[in-house]
Amino acid sequence: MAVFSIPGAKISGISACVPSEIRYTKNYDRMSENEKNLFIKTVGVESRRVTGKGMTTLDLCVTAAEKLITELGWNRNEIELLVFITQSKDYYLPGNGTIAQDKLRLSRNCMAFDIGLGCSGYIYGLSVAASILRAAGIKKALLLAGDISTVNTSYEDKSVFPLFGDAGTATAIENSSDSGKWSFNLFSDGSGFESIMIPDGGMRNRISQDSSFVYRTFENGNSRTPLHLALKGIDIFNFSIGEVPRSVRELLAFENRTIGDFDYFILHQANKLMNETIRKKLGIEKNKVPYSIQKFGNTSSASIPLTVVTELGQKARENNLSLFLSGFGVGLSWGNVSLNTNHIVCPEIINAG
Amino acid sequence: MSDINDFIKKIEAEFEEISPGSLNPGTNFREMKDWSSMHALIIIALIDTEYGISLNGEHMRSVSTIKELFDLIGKKKVTQQHIND
């Protein structure tokens, strides 16, 4: 069972960057007024940020990281680890990690690589970064996490199009002997891999002139090509409201702590009703569960650090916080971490482009 | 387990556009105006929080009336208790 603690790592700062272009749910003309109102009430997305041509996850994350490194006053030569969490990298190959190493003018002694996860990616990324930091005796690490999911959504698919937003984030992690431990539990269930997927364009279903660009209309009236993101909303909903509370309780039991011991529970911003159901099942007070989904939509692996930046900002800068973070979705993959932050550097959100 | 009238009241309370007293056990919820997958999510969330029963997409597709949905909850509840015993 993947339940474990890592001592000796601390978060020194978190930053986030979003495209300045805003799309409003109320302007989405494929939904009736009633549908839009129900969507805003249920799913929670009122607006989201969308990249234009020429702006990628790499750009958003590098901009966020540049700001963070400057505000922290970090010596770039001391950054020896860069982990890039994304499912929307710049090129088929190489990955984003090495390009980010160069763009951020980091040393050639820095190990840099990608992890291809979405909604659970931030939690996995923290566990990988902290593990390597400890094992390799590295002083400073960067965790970049983000996606531009809007590029792969079909305008004719109401279950997907108004849900996703684009964002890139950077988290600064340091070796530290006085910050307590981070406790994790991590899970996978690949039997649900089709619940959230882009079917074509990989090696299994290679891009084909005959089928990859052809729109197909499904029974619910939504229409998309196999190069678009497809969601089985009800199955993901059912999975999340079952597995997430179970896994949260498990980590609390492992740590011998209770809900009351934490200042905030930051859930992946998937769907407001889903997160509210999780919150109610766990009996967490409303003011302990912040939301950024109304302004930014579902931003994949960026959603947890983005929510820290936009919803906790000043509190994270001025306080010692006990946080419980939970990511869940595409894979299917899910996981939690409990950790403390102490007066972190957390600049205001950056608008790009 | 509470009766079907309680269940109907709970559903009516969840949906602003449904006036109280307009649903009955035979109502086919799929034929309601503007029925969408979002309504299905609201119902799944309601059933999970109120009755501790989790329904997936397949369960939801297998029923159309409120009575069928209510009976499904009852059936799942019995199975679950059996497992817990």
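The values are calculated or read from the model by the stated rules, or taken from the named source; none is laboratory data. Please read these numbers as outputs of a predicted model, since none were measured by experiment. As a convention, Cβ positions derive from the backbone with ideal geometry for all residues, glycine included, and neighbour counts pool all protein chains shown.
Structure summary
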quantity: Which listed residue is out of contact with any helix residue (DSSP H, G or I) (no Cβ under 6 Å at 6 or more places or on another chain), in contact (Cβ under 8 Å) with a residue 12 or more places away in the chain, within 14 Å of another protein chain (Cβ to nearest Cβ) and small (G, A, S), from B:G26, B:G52; calculated: B:G52
quantity: Some residue of the range A:137-151 being free of Cβ contacts under 8 Å to residues at least 24 places away in the same chain and aliphatic (A, V, I, L, M); calculated: no
quantity: Some residue of the range A:102-109 being out of contact with any Pro (no Cβ under 7 Å at 6 or more places or on another chain) and not in a loop (DSSP other than H, G, I, E, B); calculated: yes
quantity: Residue within the range A:176-185 that is buried (at least 20 other Cβ atoms within 10 Å of the Cβ) and either within 14 Å of chain B (Cβ to nearest Cβ) or without any contact (Cβ under 8 Å) to a residue 24 or more places away in the chain (or both) present; calculated: no
quantity: Pairs, first more than 15 Å from A:T153 (Cβ to Cβ) and within 13 Å of chain B (Cβ to nearest Cβ) in the range A:25-39, second surrounded by fewer than 17 Cβ atoms within 10 Å (Cβ to Cβ) and among the aromatic types (F, W, Y), C-beta under 8 Å, six or more apart; calculated: A:K36/A:Y28
quantity: Residue that is surrounded by the most Cβ atoms within 10 Å (Cβ to Cβ), among those in the range B:55-66 that are in a loop (DSSP other than H, G, I, E, B) and at the interface with chain A (Cβ under 10 Å from one of its Cβ atoms); calculated: B:L55
quantity: Search result, residues across the range B:27-37 that are among the polar types (S, T, N, Q) and in a loop (DSSP other than H, G, I, E, B); calculated: B:T27, B:S36
quantity: Subset of the range A:243-265 [in contact with a strand residue (DSSP E or B) (Cβ under 7 Å, 6 or more places away or on another chain) and either assigned to a helix (DSSP H, G or I) or surrounded by fewer than 15 Cβ atoms within 10 Å (Cβ to Cβ) (or both)]; calculated: A:E243, A:V244, A:S247, A:V248, A:E250, A:L251, A:F254, A:E255, A:D261
quantity: Of the criteria (1) closer than 17 Å to A:L273 by Cα; (2) within 14 Å of chain A (Cβ to nearest Cβ); (3) not small (G, A, S), which one B:I11 fails; calculated: (2)
quantity: Only one of A:D157, A:D166 that is crowded, with 23+ Cβ neighbours inside 10 Å, closer than 30 Å to A:K10 by Cβ and touching a residue at least 24 places away in the same chain (Cβ under 8 Å); calculated: A:D166
quantity: The range A:182-225, residues that are of a type in the set (D, E, K, R) and either in a loop (DSSP other than H, G, I, E, B) or at pLDDT below 95 (or both); calculated: A:D189, A:D200, A:R204, A:R206, A:D210, A:E219
quantity: Considering residues of the range A:156-173 that are in a loop (DSSP other than H, G, I, E, B) and of a type in the set (D, E) only, the residue farthest from A:F296 (Cα to Cα); calculated: A:E156
quantity: Within the range A:268-332, helices (runs of 4 or more DSSP H) holding 1 or more residues that are within 14 Å of chain B (Cβ to nearest Cβ), under 11 Å from the mean Cα position of the chain (by Cα) and crowded, with 24+ Cβ neighbours inside 10 Å; calculated: none
quantity: Residues satisfying the stated conditions in the range A:220-242, i.e. over 25 Å from the mean Cα position of the chain (by Cα), within 10 Å of chain B (Cβ to nearest Cβ) and surrounded by fewer than 20 Cβ atoms within 10 Å (Cβ to Cβ); calculated: A:N220, A:G221
quantity: Residue check, A:L339 assigned to a helix (DSSP H, G or I) and aliphatic (A, V, I, L, M); calculated: no
quantity: Selection from the range A:76-120 of residues that are of a type in the set (S, T, N, Q) and out of contact with any helix residue (DSSP H, G or I) (no Cβ under 9 Å at 6 or more places or on another chain); calculated: A:N77, A:T98, A:Q101
quantity: Residue match in the range B:12-21 (condition: touching a Leu at 6+ places or on another chain (Cβ under 7 Å) and surrounded by 12 or more Cβ atoms within 10 Å (Cβ to Cβ)); calculated: yes
quantity: Test result for B:N24, in a loop (DSSP other than H, G, I, E, B) and surrounded by fewer than 16 Cβ atoms within 10 Å (Cβ to Cβ); calculated: yes
quantity: Condition met for B:K9 (part of a helix (DSSP H, G or I), over 21 Å from A:D235 (Cα atoms) and in contact (Cβ under 8 Å) with a residue 60 or more places away in the chain); calculated: no
quantity: Answer residue from the range A:40-55, given it is surrounded by fewer than 22 Cβ atoms within 10 Å (Cβ to Cβ) and at pLDDT 95 or above and is farthest from the other protein chains (Cβ to nearest Cβ) among those; calculated: A:M55
quantity: Which numbered condition B:A40 misses (of (1) at the interface with another protein chain (Cβ under 10 Å from one of its Cβ atoms); (2) part of a loop (DSSP other than H, G, I, E, B)); calculated: (2)
